[in-house]
Amino acid sequence: MVGDTIIRVAASEDLDAFFAYLNDHLRDNGSGATALFMPMARAASRFGPERESAFRNATTTALGQPGWRRLWLALDAQGGIAGHIDLRARPEGASTHRALLGMGVHRDARKQGLGARLIDVAATWAGAEAGLDWIDLEVLSVNVPARQLYARCGFVQTGEIADMFRIDGEALAYTFMSRKMHAL
Ligand SMILES: CC(C)(COP(=O)(O)OP(=O)(O)OC[C@H]1O[C@@H](n2cnc3c(N)ncnc32)[C@H](O)[C@@H]1OP(=O)(O)O)[C@@H](O)C(=O)NCCC(=O)NCCS
């Protein structure tokens with residue numbers, strides 16, 4: 001039950017289970033029940049082992065250093081992963097006051113408020129602990145559930161690129177959203 005889930009920062013020992021969860025999660029990408037949420041062809045939607053070590057290194061990179069990343073997991077009463085959220089450095093060197101957000105909720109745990117709880121945890125850390133001024137994100141425009149969640153959680157659309165991707169024969173737009181952490 002989602003009500004029993006706790007949300008905590010992922011430790012390095014959690015990452016093998018996280019990668020297994022993520023690959024299962026990616027099976028939903030554009031499955032029909034779930035909108036396309038990663039800009040990847042359906043048949044290629046997985047997080048390969050070649051990306052795991054870079055991810056591991058990023059989670060131990062100090063905040064403010066290029067390539068840093070922090071991951072939080074929602075864990076159910078049995079310790080299973082019910083959702084995740086991460087914040088990571090932007091690639092631009094002069095944007096260390098901002099972070100990029102990525103997230104997902106297990107197919108069995110959606111529409112129960114866990115997505116909003118995950119955003120709350122990450123945003124509280126970003127503003128109160130990390131001293132970040134903005135959280136940015138990119139979302140496929142067809143992913144209406146995600147866009148609605150982000151808008152409800154204070155993200156404002158800053159732009160949209162039409163025909164950003166051509167995936168499985170479909171032209172897809174990309175929406176950009178940002179949330180200010182506190183008054184500048
Ligand atoms: C987008 C996603 C993260 C949302 O997670 P979630 O846990 O379902 O989000 P929430 O439950 O907080 O909110 C989703 C909806 O459930 C509703 N909801 C929340 N609690 C509810 C409850 N107890 N009962 C019924 N509905 C509820 C919310 O009002 C919201 O409805 P809305 O979309 O009409 O506004 C999830 O659908 C997902 O993982 N999708 C696939 C991956 C993905 O899109 N990731 C983002 C990539 S940019």
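Restricting attention to the range 49-94, the residues that are among the hydroxyl-bearing types (Ser, Thr, Tyr) and surrounded by 11 or more Cβ atoms within 10 Å (Cβ to Cβ) total 2.
Test of understanding: among 139, 121, which residue is among the hydrophobic types (A, V, I, L, M, F, W, C) and either open to solvent by less than 40 Å² (accessible area, probe 1.4 Å) or within 7 Å of the ligand (Cβ to nearest atom) (or both)? Walk me through it before giving the result.
Working: 121 fails: either open to solvent by less than 40 Å² (accessible area, probe 1.4 Å) or within 7 Å of the ligand (Cβ to nearest atom) (or both).
Result of the check over 139, 121: 139.
Taking the range 152-184 as the search range and keeping residues that are out of contact with any strand residue (DSSP E or B) (no Cβ under 8 Å at 6 or more places or on another chain) and not in a loop (DSSP other than H, G, I, E, B), which one is nearest to residue 113 (Cα to Cα)? Spell out the reasoning first.
Of the range 152-184, the ones out of contact with any strand residue (DSSP E or B) (no Cβ under 8 Å at 6 or more places or on another chain) are 152, 167-170, 182-184.
Filter again for not in a loop (DSSP other than H, G, I, E, B), leaving 152, 167, 170.
On the way: 152: 11, 167: 30, 170: 31 Å.
My answer is 152.
If the condition is being in a helix (DSSP H, G or I) and surrounded by fewer than 17 Cβ atoms within 10 Å (Cβ to Cβ), then the range 1-10 contributes 3, 4. Scanning the range 11-48 for residues that are open to solvent by 50 Å² or more (accessible area, probe 1.4 Å) and touching a helix residue (DSSP H, G or I) at 6+ places or on another chain (Cβ under 8 Å) yields 12, 31, 33, 38, 46.
Can you tell me which residue in the range 87-116 is farthest from the chain's Cα centre (by Cα), limited to those that are in a strand (DSSP E or B) and away from the ligand (no atom under 11 Å from the Cβ)? Break it down stepwise before answering.
Just the residues of the range 87-116 that are in a strand (DSSP E or B), to begin with: 87-89, 98-105.
Applying the additional criterion that residues be away from the ligand (no atom under 11 Å from the Cβ) yields 87-89, 98-99.
On the way: 87: 7, 88: 9, 89: 13, 98: 15, 99: 11 Å.
Going through the qualifying residues, I end up with 98.
For the range 15-51, a residue qualifies if it is at pLDDT 95 or above, acidic (Asp, Glu) and more than 25 Å from residue 111 (Cα to Cα), and exactly one does: 16.
The values are calculated or read from the model by the stated rules, or taken from the named source; none is laboratory data. Please read all numbers here as calculations on a predicted model, not as lab measurements. FYI the Cβ positions are ideal-geometry reconstructions off the backbone, even for glycines, and counts take in every protein chain you see. Quick note on the areas: whole protein, heavy atoms, side chains included, nothing else; ligands and nucleic acids left out. Shrake-Rupley method; radii C 1.70, N 1.55, O 1.52, S 1.80 Å.
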